[in-house]
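Contents: one structure, followed by commentary.
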Amino acid sequence: MVENKIRFFYDSIKIVNSVSDKRVIIPMTVAIPVAAALSLAVSAAVIIPTIVKKNAVKSVSKA
Amino acid sequence: MDIDLSKLFEASECDKALVRIAAGNTDYLQVIQRYLQRTIYAVAYSVLRDFSLSDDAVQETYVRIIEKASMYTHGTSAKAWVVTMARNIALDMLKHRRYEYSDDDIGDLPQDRFDENSIVLSMQVKSALDSLDDDDRQIVTLKVYAGLKHSEIASIIGISTEAVKKKYQRALAKLKAELE
């Protein structure tokens, strides 16, 4: 039967987990803390240089 | 009337899995993979006719299932819902593909995709399926491999149930002439 041949064809194909797919499925239990940590790191990267710069300006003003 | 208990069980498991995925438990994607991976692949292949792109479509379908599971209505056909999604993804990929489709992609059978004992028959079936119109190939795949009803296929393809029946019969007759 031709139907069986069609099923045989699709059953025979070796399916590969695509390496071209760059997406990663991350469980929410991991995603939320990772997102929070990244957010803190970005904030620190912005805030710390600003504080250092302000202190540097204050030091120069006092001198 | 014969009742296929395994199909009923599969339908029930996939339905429950989608509900749980919608609730945030993505581990239940494994249930969808177990029962529907080959069906998703076949549907994608019937659109794309490219083995590698079909792999990508399968992965994209899983991502989309997680994103859209909350839109699934519990108690309806999980398979039809997933198949519709896979087909739409494959159609989008077909529309946006960036490379030219070479005839080699359609004619040849990549040897690493098939076992030795299945290559000859698979080559014949692939050639026969590739010779069908796009709609006919998808209808045959949705009916024969995905096991959907004519009415479900009509809803997915966007034509009447009668049109699906006629196209299916015509496509099957053509395939029989080539393969039997």
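Overview of values
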quantity: Column: log10 I(q)/I(0), Debye, Cα scatterers of chain B, q = 0.08, 0.12, 0.17, 0.18 Å⁻¹; calculated: -0.26, -0.60, -1.17, -1.27
quantity: Trypsin sites (Lys or Arg not before Pro) within segment B:11-106: DSSP coil, no more than 14 neighbouring Cβ in 10 Å; calculated: B:97, B:98
quantity: Tail weight of P(r) past 16 Å, computed on alpha-carbon pairs of segment B:1-99, percent; calculated: 54 percent
quantity: Shielding by other protein chains, B:53-61, mean Cβ within 10 Å; calculated: 4
quantity: Residue B:52/residue B:30 FRET efficiency (R0 22 Å; Cβ-Cβ; nearest 0.05); calculated: 0.40
quantity: Residue B:155-residue B:120 FRET efficiency (beta carbon distance; Förster radius 41 Å; 0.05 resolution); calculated: 0.65
quantity: Estimated FRET transfer efficiency (residue B:68, residue B:170; beta-carbon r; R0 35 Å; 0.05); calculated: 0.55
quantity: Lys/Arg +1, Asp/Glu -1 at C-beta; segment B:1-151 dipole; positive extreme among B:109, B:91, B:17; calculated: B:17
quantity: Relative packing of B:146-154, A:6-14, which averages over residues the other C-beta atoms within 10 Å, highest first; calculated: B:146-154, A:6-14
quantity: Cα-projected label distance for residue A:4 with residue B:163, points at 7 Å along beta-carbon direction, nm; calculated: 3.4 nm
quantity: Spacing of the two label points (7 Å from each Cα toward its C-beta) at residue B:8 and residue A:14, in nm; calculated: 3.9 nm
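Each value in this text was obtained by applying a stated rule to the coordinates, not by laboratory testing. Remember, it's a predicted structure, so these values are computed and weren't measured experimentally. Please note: Cβ atoms are built from the backbone with ideal geometry, for glycine as well, and neighbour counts cover all protein chains shown.
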